Structures are given as C-alpha cells and as structure tokens.
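One structure below.
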C-alpha cells in the first residue's frame with residue numbers, strides 16, 4: 001500500500017510506493033556517457049569557441065583581471081551562447097501591479113518582454129561530466145565563483161530571482177557533456193516561488209523559525225533520513241521525496257544568504273556537494289541528475305532559508321505526475337538515506 005506524504009516546502013503530495021521498485025525496468029537504464037564533443041568549447045585550448053569570458057579564476061582561487069582567453073585557468077564564467085533568458089531585451093523592474101510598455105495583456109494571457117540574464121560557470125578545463133568528478137580545489141574555486149556571480153546577479157536591475165543549477169548527463173537536460181553550472185536571472189516570479197515564499201512567511205510568523213529550520217530539527221531528532229552532517233550543513237533525503245534518492249543540503253544558519261556566506265562555510269558546502277555526488281555516482285552507477293540552488297526572490301532575505309537540492313533522474317514522470325502533480329517514488333527516503341550512508 002503506498003504511503004502518501006506531503007512536502008511542506010513545495011506543497012506537493014508524493015506516493016512512496018516501494019513495491020514498484022520490483023517492477024521490470026523501474027529505473028531508466030543508465031545512458032552511455034556522452035562522447036566527448038568533437039570540439040568541446042569548455043575544454044582547455046578551445047576558449048575561443050565560447051563568448052568572451054566575464055570572469056576567470058586561476059588554480060590558486062584568485063580572480064584574474066583582464067585575463068587573456070588562453071590563460072592557465074581553473075574556472076571560467078561566460079555568457080550563455082544560446083540563452084533561454086536573453087539579456088538584450090529592454091530592462092524593466094517588472095511589477096505585476098503596474099502595467100508598462102513591456103507588459104502586455106492578450107485576453108486571459110500576460111506577456112512580459114523584460115530582460116533576463118544567463119551565464120555559464122565552467123568549473124574545470126578538464127573534460128569531466130559531474131561535479132563529483134572535480135578535484136577538491138576545482139570544487140571549492142568553482143563554488144566560490146558561483147557565489148560571486150550570484151551576488152552580481154542580485155545587483156542587476158529588473159532581475160527578481162536567480163537560479164543556479166547543473167544538468168548532469170543528457171537525460172537530465174545537459175546539451176554538452178563537459179560539466180558546467182548555469183546561472184539564470186529572471187525578471188518574473190513563478191506562482192510556485194510566490195507560494196513557497198508565502199508558506200515560509202506564515203510558518204516563520206507562527207513558529208519563529210523557517211520551514212527548513214523545522215525540517216532540520218525534526219530530521220536530526222529522527223536520524224533515519226540524515227545522510228551526513230557538518231558544522232554548517234545537514235544533508236537529508238526529504239520525508240516526501242518526489243524522486244528516488246532526492247537529497248537536500250540545508251545550511252544550519254538561515255541568517256546568511258548564499259551570496260554572503262563566508263569562506264569556511266562556502267568551502268564546506270563545495271566539498272560536501274562533491275562528497276554526496278561521489279556517493280551517488282558510486283551507488284547508482286553515475287546517474288543523470290539535476291543540482292539546484294533554491295533561494296527566495298531578491299528583496300526577501302529576511303525570510304530566506306536557501307538550500308541545495310539533488311534530483312537523480314532515475315524514473316520518468318508519466319500521466320499521473322503530469323495530470324495531478326502527485327509524484328510516485330519507488331524508493332523510500334529512509335532506505336535511500338541508509339544506502340547513501342553505507343556507501
């Protein structure tokens with residue numbers, strides 16, 4: 001019998017149906033690794049294949065000012081060559097309550113032509129596919145660069161929210177096999193983000209702590225879904241995991257946003273993400289996954305409790321998920337956490 005669970009963070013229902021794990025082909029077969037691109041634009045020596053770099057960090061973690069394209073680099077930041085959120089549209093600090101020339105109505109539909117922003121953070125000149133494949137220095141430097149660029153995104157006029165993420169392997173949406181983070185700034189807020197902010201504000205007013213603080217307190221007391229813990233972070237498989245081996249990396253201190261975390265906390269996070277993904281790669285034979293940073297919209301840092309999420313792409317959502325929003329997960333988070341702890 002499935003166990004229906006409710007996730008207070010996303011407000012989604014999930015059916016934990018462990019019996020389905022015995023079905024033939026329950027998990028998607030692991031894809032063959034994407035063959036190295038004939039000319040990989042992210043590898044050392046092919047820097048001219050990308051748009052002009054925005055920022056560069058060397059192997060000591062120092063930012064190189066006015067770096068030549070062929071400098072000996074560890075992390076490069078470049079504009080996305082094919083952006084979904086182009087930056088050449090007019091800038092408009094979009095307000096849903098105020099119509100402007102960039103906000104149009106078409107019967108029941110709205111349209112906004114404001115500018116966005118989209119950057120790529122290339123964490124290594126080596127041709128590897130996963131954040132877990134990075135060495136310790138590369139992991140630390142690339143996350144340091146991501147933190148800096150996230151802070152810069154907050155300053156851009158008209159940007160209301162930014163999403164930092166990595167699509168690893170083609171089944172997770174990667175179009176290039178070389179590992180890279182993406183940072184997208186959006187001029188609009190989805191209803192899901194607005195609802196998540198509202199739920200957190202209500203919880204904070206009622207309990208004097210964020211939803212994620214309540215999650216950490218509960219999970220640490222129960223222990224069964226905790227994978228790892230450091231001075232700064234708690235790593236759990238969430239109670240109502242939408243997918244098998246879903247993972248949250250939650251900061252214990254909710255008073256610093258991602259753009260302002262100090263170096264020890266930042267480095268702790270980088271190495272923790274790397275460690276968890278290495279366990280996941282070993283246990284599940286290098287699955288495709290999405291790594292995502294969840295934050296509140298800009299201007300709401302007083303209600304902020306950001307966290308990273310890892311979503312392995314082991315199963316394919318079907319009719320029930322798309323039609324009702326109720327997800328079916330064939331592996332209980334308790335079992336997933338135990339297997340990841342033991343790995």
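Laid out as a table, the results:
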| item | result |
| --- | --- |
| Paired Rg and Dmax values of segment 124-164, which use every Cα atom, in angstrom | 13.0, 36 |
| Per residue convex hull volume, Cα atoms of segment 290-343, in Å³ | 140 Å³ |
| Which of 316, 237 has the fewest Cβ neighbours within 10 Å, and the rest in rising order | 316, 237 |
| For segment 205-295, convex hull of alpha carbons as volume per residue, Å³ | 117 Å³ |
| Alpha carbon convex hull of segment 259-329, projected area averaged over orientations, nm² | 6.8 nm² |
| Inter-site label distance for residue 190 and residue 278 at 7 Å from Cα along Cβ, in nm | 3.2 nm |
| Distance (nanometres) between label positions extended 7 Å along Cα→Cβ at residue 201 and residue 230 | 3.3 nm |
| Cβ-derived FRET efficiency at R0 25 Å, residue 72 paired with residue 49, nearest 0.05 | 0.90 |
| Point-to-point label distance, residue 217-residue 3, nm (Cα→Cβ direction, 7 Å offset) | 2.3 nm |
| Difference of contour (0.36 nm per residue) and Cα-Cα distance, residue 81 to residue 135 | 16.8 nm |
| Residues residue 339 and residue 300, FRET efficiency given R0 of 56 Å [Cβ-Cβ distance, rounded to 0.05] | 0.95 |
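We did not get these values from a lab; they are worked out from the coordinates using the rules stated. Since we're looking at a predicted model, the values are computed, not measured. Cβ: placed from backbone, ideal geometry, glycine included. Neighbour counts: every protein chain shown.
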